[in-house]
Amino acid sequence: MTVTGVQWQEFLAGLDYPVSREDLVRWCQENGGGTEMLQMLRALPAEEFATPGELGEALTTLA
């Protein structure tokens, strides 16, 4: 199953930016994110994301 953009938006709502890849992985683990979500977050190309849009772009390239 592929994680959709809407699923990402709902799951990552409430994050404070900028956010690091490490913080995203921790957020996912603490909030019940699935294995696929964790794998995608660990594969993100940047170490930090300044805005939700920047993070969304990076996630889109992985899908």
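Details
- FRET efficiency, Y17 to T60 (Cβ-Cβ, R0 22 Å, nearest 0.05): 0.80
- Rounded to whole Å, sorted largest first: equivalent-ellipsoid semi-axes of the range 16-62, Cα gyration tensor: 16, 12, 8
- Rounded to the nearest 20 debye, dipole of the chain from Cβ charges on Lys, Arg, Asp, Glu: 180 debye
Just so you know, all these numbers are worked out from the coordinates, no wet-lab data involved. All values reported here derive from a predicted model rather than from experimental measurement. A quick note on method: Cβ atoms are made from the backbone with ideal geometry, for glycine too, and the neighbour counts reach across all protein chains shown.
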